[in-house]
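The values are calculated or read from the model by the stated rules, or taken from the named source; none is laboratory data. In this text, all values refer to a predicted model and were calculated from it rather than measured experimentally. Cβ placement follows ideal geometry from the backbone for every residue including glycine, while neighbour counts extend to all protein chains displayed. Protein only, heavy atoms only, side chains kept; ligands, DNA and RNA dropped before computing areas. Shrake-Rupley method; radii C 1.70, N 1.55, O 1.52, S 1.80 Å.
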Amino acid sequence: MSSPIERSLVLLKPDAVRRGLLGEILGRFERKGLVVEALELRTMDAALADQHYADHVEKAFYPPLKQFMTSGPLVALVLSGDEVIEVVRAMIGSTDGRKAAAGTIRGDFALSNRENLVHASDSPESAQRELALWFPKL
Ligand code: CMP
């Protein structure tokens, strides 16, 4: 029996919107063969930020991260495809844009470990939690 197609929650962060990189980033995911199941322009409020980043709220970098993530509209999407969680994480590159490999989204377009353009679920468990938070009806 084949396993169901995997889904990932992906955020194109406020810096991606401000810098006009939505088409570039979304195009990479589309050309890879991933499917856009849902897409919404939204502004994260403080409560959603605290829920989404529940694992990070106590960390020193959280207050400026929250400020950044609530600073303007972002694009929330659900991507699906074979092993999408791992595939998208590889495509976005490591957290710090200065260290991310060339050819990855962060490696090609980011110079910060906060304003790093994209968030993507890092495991099936976090995908399930984040999808329920952002797209409860899906
Ligand atoms: P993201 O994949 O959304 O998950 C947590 C986010 O916290 C991360 O991307 C960065 O935007 C931010 N982040 C992680 N580590 C640091 C750090 N050391 N300093 C600032 N921001 C960070």
Note to self: Given a 1.4 Å probe and heavy atoms of the protein chains only, how would you sort Ser123, Ser8, Ser94, largest accessible area at the top?
What the structure shows: Ser94, Ser123, Ser8
Item checked: For the range 120-127, Karplus couplings with θ = phi - 60° (6.51, -1.76, 1.60), whole Hz, Gly/Pro x -> 9, 3, 9, 6, x, 5, 5, 4
Notebook entry, point to check: Which listed residue (Met91, Leu11, Gln67) has the Cα farthest towards the positive end of the charge dipole for the range 5-134, taking +1 on Lys and Arg C-beta and -1 on Asp and Glu C-beta about the Cα centre?
Noted result: Gln67
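Which order do Lys59, Lys99 take when ranked by solvent-accessible area (1.4 Å probe, heavy atoms of all protein chains), largest first?
Details: Lys59 85, Lys99 155 Å².
Sorted by accessible area, descending: Lys99, Lys59.
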Next item on the list: May I ask what percent, to the nearest 5, of DSSP beta bridges between residues of the range 5-134 are antiparallel?
Entry: 95 percent
Next item on the list: Count charges around Met69 for me, please; just the other residues with Cβ under 13 Å from its Cβ, Lys/Arg as +1, Asp/Glu as -1.
Entry: +1
Margin query: Between Ala102, Ala110, Ala127, where does the largest GNM mean-square fluctuation fall for the chain, given springs only between Cα atoms within less than 10 Å?
Written below: Ala102
Check: Applying the Karplus parametrisation 6.51 cos²θ - 1.76 cosθ + 1.60 with θ = phi - 60° to the phi angles of the range 25-39, what ³J(HN,Hα) value in whole Hz is obtained for each residue in order, glycine and proline being reported as x?
Finding: 6, 4, x, 4, 5, 5, 5, 5, x, 6, 9, 7, 8, 7, 7
Next item on the list: Find how much the distance from Gln128 to Tyr62 grows on full extension, using 0.36 nm per residue of separation minus their present alpha carbon separation; answer in nm with one decimal.
Entry: 21.5 nm
Check: With all protein chains present and a 1.4 Å probe, how do Lys137, Lys13 order by accessible area, largest first?
Finding: Lys137, Lys13
Checklist line | Eligible aspartates and glutamates near Lys13 by straight Cα distance, threshold 19 Å, same-chain separation 8 or greater | finding: Glu24, Glu30, Glu37, Glu40, Asp45, Asp50, Asp55, Asp96, Asp108, Glu115, Asp122, Glu130
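On the protein heavy atoms, probe 1.4 angstrom, tell me the percent of accessible surface of the chain carried by carbon and sulfur. All intermediate terms of the calculation are to be shown ahead of the outcome.
Values: 3830 of 7420 Å².
Carbon with sulfur: 52 percent of the solvent-accessible area.
Starting from the Cα-Cα distance between Ile5 and Ser71, subtract it from 0.36 nm times their residue separation and give me the gain in nm to one decimal.
On the way: separation 66, 0.36 × 66 = 23.76 nm, distance 3.33 nm.
Length gained between Ile5 and Ser71: 20.4 nm.
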Notebook entry, point to check: From a point 7 Å beyond the Cα of Ala46 in the direction of its Cβ, which residues of the range 57-95 have a backbone N at a distance under 12 Å?
Noted result: 67
Next item on the list: First select every other residue whose beta carbon is under 12 angstrom from the beta carbon of Asp50; then total the charges, Lys and Arg +1, Asp and Glu -1.
Entry: -2
Margin query: Helix-only estimate, please: 222 nm mean residue ellipticity of the chain, summing -39500 (n - 2.57) across DSSP H runs of length 4 or more and dividing by its residues, to the nearest 500.
Written below: -11000 deg cm²/dmol
